[in-house]
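Notes follow the structure.
The values are calculated or read from the model by the stated rules, or taken from the named source; none is laboratory data. Predicted model, so just to flag it, every value in this text is computed and none were measured. Glycine also receives a Cβ, built like all others from the backbone with ideal geometry; neighbour counts cover every protein chain displayed. In case anyone asks, the SASA skips ligands and DNA or RNA and just uses the protein heavy atoms, side chains included. Shrake-Rupley method; radii C 1.70, N 1.55, O 1.52, S 1.80 Å.
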Amino acid sequence: MDMLSKVVLNSEDKSQKMHFTDNKSGDNLSEEVSSHVIIREYYNLDLTFSSTFKDARLYLDGLEIIDNENIQIDSAGKEFLEPSDIAYQLFNRDNSTIEKMLVPGFYQMTLIENNQEYYAFFEVVPKSLSKPQWIAMKNEIEETLTGLSQSFNRKNLSSSQKNDLNQIYYKFDYIKKMYKRYLKITRDLINSPEYRLEKRYKWKELNQNPTVDGKSIRKKLEKPDKQEVIYSPSRILNYQTKENKWLKASIKKINKFNVDYLSFLSKKLEEIEHDKDKNKRYKAKVYTLEEEENEIRQIMNILKQILTVNHFLLNQEWMDEIKGENTIYPTSSMMMNQKYNFYYKWLQQMKKEEMHVILPNSIKYAWKRTDELFEIWTYIKMISIIENLGYEPKSGWIYSNESLKIPDLSEGTFITFINDEVKINLHYNSRLKRKNSQTTVNHPLYTKAENDKPDIRLDVFHNDSYLGSLIIDAKYRSFEIMTKRDTRYKDNVMKQLHNYKNSPESKNYYYPSLQRFIREQLSPIRQVWVLYPHSDDTNKPKKYEIEEEENIHFYEISPYYPTDEISRSLLSYIDGLMKSKDYFNLHSY
């Protein structure tokens with residue numbers, strides 16, 4: 001199609017021209033679409049937009065997250081670009097924060113020329129994972145958390161707990177996801193209600209120029225005495241349909257649900273205020289309560305918006321015409337109508353009394369950050385690996401949860417596993433203490449090094465005696481990038497790993513009864529592991545050299561890739577700690 005405008009995406013050393021059409025088939029873009037530009041995640045990206053049409057505009061998915069003073073805003077509040085001689089910078093690794101990055105997925109461009117809209121699409125693909133791996137990783141997190149949480153809660157929650165908070169928080173999660181569509185559909189119905197066009201007949205005088213049809217003529221033949229009038233049809237809009245009767249009853253039911261939810265949430269806010277006052281000395285607790293309070297106020301605001309738009313709908317003049325019973329069952333024709341079908345599904349969700357797992361914001365946020373997605377996925381894989389070695393989770397994160405609303409996977413989270421006399425605390429982003437005096441049995445390590453927050457840490461205990469730790473770092477990078485010479489990134493990575501291996505100490509908990517000169521020769525960290533996405537370009541000799549000389553071990557881990565080697569190595573590591581315990585024999589020194 002000949003265009004007056006030209007749009008080019010420039011990524012690293014590649015420039016790709018966008019090809020626009022008037023077909024907006026990309027609303028549900030999938031892998032079948034072949035004619036789109038592909039951009040690698042994390043690559044520097046800018047866009048050039050030129051046009052001989054001075055009022056041309058370019059709209060782009062994701063433009064709202066990009067910081068650029070040259071981005072314009074239209075009267076509807078949407079960001080757009082104007083033709084410019086200067087390239088628009090969309091992402092720069094050195095200057096942009098990770099939140100400003102276009103994440104893997106499909107993006108639509110809308111070009112407006114002379115009041116006509118044209119469309120083009122490009123795809124951002126994961127940098128260190130294949131697209132199927134990225135999708136599988138996301139799905140695996142959801143499925144694993146759902147399975148683990150439901151299994152644990154079935155064993156530990158009472159029936160009344162299952163049928164109370166779990167359900168209502170699941171419904172709130174659904175409302176938050178779908179409420180914008182609810183508001184749009186309801187406003188559409190207010191402006192353009194559904195109706196049935198009908199004919200209604202009555203005798204009209206001829207001087208009114210009445211409409212005449214076959215029925216009028218037949219009626220005239222039946223009543224030849226009516227010379228000055230004719231039986232004439234009038235077209236009317238009939239809103240008194242079965243569908244609208246069902247709609248009116250359904251909106252009233254939704255209103256009742258919302259009023260009940262608002263009452264429930266108001267009581268929750270009172271409880272939170274009481275808890276905040278009771279715990280005002282504990283900043284972390286107050287912060288958690290304030291986060292919950294903000295979430296509650298957010299859902300209350302949404303519920304009030306829905307009640308308001310429902311009020312406008314129910315008070316339309318055409319709604320007053322609708323009379324009838326409240327118990328009306330939806331018909332197949334209603335289900336074919338997208339608007340009525342949406343209300344039906346909404347009501348079904350509000351009525352559900354099943355167990356549902358609600359993913360926390362930290363997990364949902366990871367969909368936007370592939371590096372964090374990989375880190376969370378790796379932590380969850382370690383949970384599964386430890387369980388498969390015969391360890392039973394006892395507490396922490398989803399295993400200390402009293403509802404199916406999974407708590408955030410926040411920094412400092414750890415899960416406790418037990419297998420006979422051996423205990424493992426599996427930490428997620430737990431910061432090491434800075435002083436020996438700050439250590440506790442659940443945080444036995446301290447460090448003076450700047451690198452003090454490993455992605456994953458396993459602390460191993462025997463009968464509550466600390467035996468040592470394994471530090472694991474999840475790197476969303478290839479082995480080559482992490483280890484090739486003469487790069488600043490490589491230097492930083494290796495410095496970080498060396499600090500994890502050599503700097504942590506535990507004077508209070510790591511064999512404290514050993515003579516000092518012996519204990520100073522020992523380290524609670526025997527190995528550091530790096531888990532990174534599987535690829536075919538691994539430099540095996542270099543990998544073995546680092547492992548042999550530094551005790552820094554590299555393991556590939558990805559969806560569809562077996563974890564047998566990691567499981568065997570972890571079992572061997574724990575066995576080694578147990579043998580050391582027997583060898584040192586705490587009471588012989």
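Structure above, values below:
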item	result
Cα gyration tensor category, rounded, prolate or oblate, for the range 391-587 with a/c compared to 1.5	oblate
In order through the range 561-578: 3J(HN,Hα) via Karplus (6.51 cos²θ - 1.76 cosθ + 1.60), integer Hz, x for Gly, Pro	10, x, 10, 4, 5, 5, 4, 4, 5, 5, 4, 5, 5, 5, 4, x, 5, 5
Pair E228, K78: separation of 7 Å Cα→Cβ label points (nm)	6.0
Efficiency of FRET between V259 and R200 - r from beta-carbon atoms, R0 45 angstrom, step 0.05	0.70
Area accessible to solvent at I73, 1.4 Å probe radius, in Å²	110
Counted charge near Y391, where neighbours are those whose Cβ lies closer than 14 Å (Asp, Glu -1; Lys, Arg +1)	-4
Inter-probe distance in nm under a simple model that places probes 7 Å from Cα toward Cβ, at E293 and S437	3.4
Residue-span extension gain [R93 to D67] - 0.36 nm each, minus C-alpha spacing	8.0 nm
Separation of the T308 and N502 label points, Cα + 7 Å toward Cβ, nm	6.2
Cut-off 13 Å between beta-carbons: net charge of the residues surrounding H443, Lys and Arg +1, Asp and Glu -1	+2
T211 accessible area, 1.4 Å probe, all protein chains in place, Å² to nearest 10	80
Within the range 406-426, backbone nitrogen closer than 17 Å to the virtual label 7 Å beyond the Cα of K283 toward Cβ	411-412
Highest average packing first - 419-427, 107-115, Cβ atoms within 10 Å	419-427, 107-115
FRET efficiency, S400 to K6 (Cβ-Cβ, R0 56 Å, nearest 0.05)	0.45
I86/N114 FRET efficiency (R0 30 Å; Cβ-Cβ; nearest 0.05)	0.80
Accessible-area value, F257, 1.4 Å probe, nucleic acids and ligands omitted, Å²	50
Listed residues E548, E321 arranged by accessible area, highest first, probe 1.4 Å	E548, E321
Contour minus Cα-Cα distance for N341 and T211 (0.36 nm per residue)	43.0 nm
Highest average packing first - 494-503, 513-522, 470-479, Cβ atoms within 10 Å	470-479, 494-503, 513-522
Net lengthening on full extension, I190/I518 (0.36 nm per residue, minus Cα-Cα)	110.0 nm
